[in-house]
Amino acid sequence: MDTTPEAPFPSEANRQALRRHSYSELSERDKWRHHAYDYAFRRRFLKDFERSSPIDPFGDWFNEGYVEAAERMEWRKVCETKFPTCGHRWRKTGFVCCSACKSTIPDYRMVLE
């Protein structure tokens, strides 16, 4: 099973598509994405930045690019939820959204466009 045609990575639609299938039904690409969402969740909510996790104890499925992309998606949701009229664009380098979310988002920086 490959969810790529129905929902791009990273997106909430892609994450939900992956959840509708058992792990054994996922293609290799989707397994990488599944683990990226897990690592992003652990970074965002548990402040766990390890390159291994309970479902990947040796870090075999850790992909820095995928994890960072999924983590940016998580932080965007925070900003869009709290500040729907913000209108800023994101880029990797250190996120700061509006001054109101500055302390919430420590690792990325916002670029006004």
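The values are calculated or read from the model by the stated rules, or taken from the named source; none is laboratory data. No experiment lies behind these values; they were computed from the predicted model shown. Cβ: placed from backbone, ideal geometry, glycine included. Neighbour counts: every protein chain shown.
Out of segment 39-52, which residues are crowded, with 18+ Cβ neighbours inside 10 Å and either aromatic (Phe, Trp, Tyr) or modelled with pLDDT of 95 or more (or both)?
Result: Tyr39, single match.
So which residues in segment 8-59 are outside any helix (DSSP H, G or I), more than 19 Å from Arg76 (Cα to Cα) and of a type in the set (A, V, I, L, M, F, W, C)?
Listed by number, the residues that qualify are Leu26, Ile55, Phe58.
Answer with yes or no whether Tyr23 is buried (at least 17 other Cβ atoms within 10 Å of the Cβ) and either among the hydroxyl-bearing types (Ser, Thr, Tyr) or at pLDDT below 90 (or both).
Numbers: buried (at least 17 other Cβ atoms within 10 Å of the Cβ): no; either among the hydroxyl-bearing types (Ser, Thr, Tyr) or at pLDDT below 90 (or both): yes.
So Tyr23 fails the test.
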